[in-house]
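Below: the structure, in structure tokens.
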Amino acid sequence: MAVVLPAVVEELLSEMAAAVQESARSTGPSSSKTYTCLASCHYCSCPAFAFSVLRKSDSILCKHLLAVYLSQVMRTCQQLSVSDKQLTDILLMEKKQEA
Ligand SMILES: [Zn+2]
């Protein structure tokens with residue numbers, strides 16, 4: 001029986017590989033967007049989460065949440081405590097990015 005990785009896993013692995021190659025070549029700043037992942041309540045603000053998880057229900061998570069969960073398991077996750085005010089500012093900043 002063939003083992004097929006879910007699309008999000010494939011996507012994350014190929015992006016990690018690309019990131020490693022990119023940092024080895026050190027070509028300019030990355031243009032990737034910032035998304036807010038809330039692992040504690042299983043939510044991400046990216047379009048893939050909104051579409052595949054919330055709307056179509058054909059996936060249970062996006063690659064960002066998967067990356068967060070993996071880093072938590074591997075203890076490579078850096079945790080910073082923020083106040084409610086700081087969290088509000090972060091969320092509002094993202095809203096402004098979208099506009
Ligand atoms: Zn995401």
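Side notes on the structure shown:
- Helix content alone sets the calculated 222 nm mean residue ellipticity of the chain: runs of n ≥ 4 DSSP H residues at -39500 (n - 2.57) each, divided across all residues, give -15000 deg cm²/dmol.
- Only the Cβ atoms of Lys and Arg (+1) and of Asp and Glu (-1) were treated as charged; on that basis the dipole of the chain about its Cα centre amounts to roughly 100 debye.
- Couplings 3J(HN,Hα) for segment 9-16, derived from phi with the Karplus relation 6.51 cos²θ - 1.76 cosθ + 1.60 (θ = phi - 60°), are 5, 4, 4, 5, 4, 5, 5, 5 Hz, where x marks Gly and Pro.
- Using equal-weight Cα scatterers in the Debye expression, the normalised intensity of the chain in log10 at q = 0.10, 0.18, 0.19, 0.20 Å⁻¹ is -0.35, -1.10, -1.19, -1.28.
- Sulfur and carbon atoms: percent of accessible area, segment 34-77 [1.4 Å]: 62 percent
- Residue among Ser81, Tyr43, Ala17 farthest towards the positive dipole end of the chain, charges placed on Cβ: Ser81
- Table column - 3J(HN,Hα) (Hz), segment 69-78, Karplus curve with 6.51, -1.76, 1.60, x for Gly and Pro: 4, 4, 5, 5, 5, 7, 6, 9, 7, 9
- Once both labels are positioned 7 Å from their Cα atoms along Cα-to-Cβ, the gap between Cys41 and Leu80 label points is 2.1 nm.
The values are calculated or read from the model by the stated rules, or taken from the named source; none is laboratory data. Just so we're clear, the structure is a prediction, and the values are computed from it rather than from any experiment. In this analysis, Cβ positions are derived from the backbone assuming ideal geometry, glycine residues included, and neighbour counts consider all displayed protein chains. Remember, those area values only see protein heavy atoms, side chains included, never the ligands or the DNA or RNA. Shrake-Rupley method; radii C 1.70, N 1.55, O 1.52, S 1.80 Å.
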